[in-house]
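Peer 1: Here's a structure for you.
Each value in this text was obtained by applying a stated rule to the coordinates, not by laboratory testing. Fair warning: this is a prediction, and the values are worked out from it, not measured in the lab. Reconstructed Cβ throughout: ideal geometry from the backbone, glycine too, with neighbour counts over all protein chains shown.
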Amino acid sequence: MDMHEKYVSDDNSLSDSKLHLLREELKPIQEYATGIKFEPTLDNGLYLVGAGVRKKSVIKVYAVAMYSTPQVLTSATSHASLHDAARTFDSSSSMTSFVLEMVYSAGAEKIAGAIAESVKPRYNGDSSDVGVLESLIVDGVKAIGGQAIKDTIFRFDCSKEGVSVSVNGADQGMALFEGLGSAFVDVFMDSNSVSPTLIDSCVSTWSNNEAKAIAASLVELDLNRKMMMHRTSDDGGGNKQNDEAEESSIHAADEVEQQNETMTIPPPSSNEEHEPKLKVTAPQPPKEQKQRNHLLKRVVKYAFPVF
């Protein structure tokens, strides 16, 4: 193992240790009205933001939890910022997931239809797109006997590409329609949320100073992970087109810097009018340092986009 590989390995080990310690600080949330407990992380690496209940009149239909990225955790200090962060999918926050655990039994068409009717007015695409999502839910419930009984668990992973569905851990597929993921988030996070208690839980959980510090540390670790992944990708050859584009941009930046950092010193005034002028060039950092600085700028740009 050469020194660079050892450096990357040590960085990974340190980040893993920090992440392990931070995750020990995270606690499950027990939804108050139903008593259902949700674990602090999902298997896709997302973190528990909060938990609430969905009611129809006085009937508790299901408990619901929202999971998302560290960037969303840092935005959960107000309803408005939380809503915007959870529904905006980019390189720094690519997914928001909802886990629903049934409290009240419902048939396949009834539960699927209720979810679809909540999504439709929030989605700008064709209603048939929502019909695909509805069919995935129906198929999943039919696979377990046609009834979403108490303790049945639905999971909806929302992203820029659409919404994927699973029922009791069995993957049902994905409704691949851009904008559908954000519309599904709106069902639970907009001003007409079907679960106001979920929003209250999210904001109250992540608004105190201790929680803010944990969220900020998770963002920092996520940023470090992205940098190391990029570094590893570069070592393994990476994407040739991206590498060439990056090399070109670094080279262009170098030329500009070289021009800016080269100054002309005129000779002292004397009779030596024809003496050539002396050019002095400021010392340049090594190429590896330039690439590292360039990469850091790129990662910060994508990890903390300006909206």
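Peer 1: What translational diffusion coefficient, to the nearest whole µm²/s, does region 51-142 have by Stokes-Einstein, given a Kirkwood radius computed over alpha-carbon pairs, a temperature of 20 °C and 1.002 mPa s viscosity?
Peer 2: Reported coefficient: 144 µm²/s.
Peer 1: Still on this structure, I have one more. Using amide H atoms built 1.01 Å from N in the peptide plane, name the residues 5+ places from GLY173, or on other chains, whose amide H lies under 5 Å from its own.
Peer 2: VAL165
Peer 1: Taking R0 as 22 Å, what FRET efficiency do you get between GLU220 and LEU176 from their Cβ-Cβ distance, rounded to the nearest 0.05?
Peer 2: The calculated FRET efficiency here is 0.10.
Peer 1: Kindly write out, for region 201-208 in residue order, the coupling ³J(HN,Hα) from the Karplus curve 6.51 cos²θ - 1.76 cosθ + 1.60 (θ = phi - 60°), rounded to whole Hz, with x marking Gly and Pro.
Peer 2: 5, 4, 5, 5, 5, 10, 9, 7
Peer 1: While we're on this one: Pairs to check: LYS160/LYS226; LYS120/LYS142; LYS27/LYS226; LYS27/LYS120. Give those whose C-alpha atoms are more than 30 Å from each other in this structure.
Peer 2: LYS27/LYS120
Peer 1: Sticking with this one: In nanometres, what is the gap between the two model label sites at SER128 and ILE59, each 7 Å from Cα along Cα-to-Cβ?
Peer 2: 3.3 nm
Peer 1: Show me, for region 153-168, the HN-Hα J-couplings you get by feeding each phi into the Karplus relation (A = 6.51, B = -1.76, C = 1.60, θ = phi - 60°), rounded to Hz, glycine and proline as x.
Peer 2: Using θ = phi - 60°, the values come out as 10, 9, 9, 10, 9, 9, 8, 4, 6, x, 10, 9, 10, 9, 10, 6 Hz.
Peer 1: Given H placed 1.01 Å from N in the peptide plane, which residues other than close sequence neighbours of VAL49 have an amide H under 5 Å from its amide H?
Peer 2: MET66, TYR67, SER68
Peer 1: Once both labels are modelled 7 Å past Cα along the beta-carbon direction, what's the ASN208-ASP190 spacing in nm?
Peer 2: 3.3 nm
Peer 1: Okay, moving on. Cβ under 13 Å from ILE137's Cβ, ILE137 left aside: what net charge do those residues give with Lys, Arg +1 and Asp, Glu -1?
Peer 2: Neighbour charge sum, excluding ILE137 itself: -2.
Peer 1: Starting from the Cα of SER135, step 7 Å along the direction of its Cβ; do the same at GLN147; then give the gap between the two resulting points in nm.
Peer 2: In this crude spin-label approximation the distance works out to 2.7 nm.
Peer 1: Output wanted: per-residue J couplings in Hz (rounded whole) for region 180-190, from phi through Karplus 6.51 cos²θ - 1.76 cosθ + 1.60, θ = phi - 60°, x for Gly and Pro.
Peer 2: 5, x, 5, 5, 5, 4, 4, 4, 9, 10, 7
Peer 1: Determine the alpha carbon to alpha carbon distance for each of LYS55/LYS150; LYS37/LYS60; LYS56/LYS212 and list only those over 23 Å.
Peer 2: LYS56/LYS212, as the Cα separations exceed 23 Å there.
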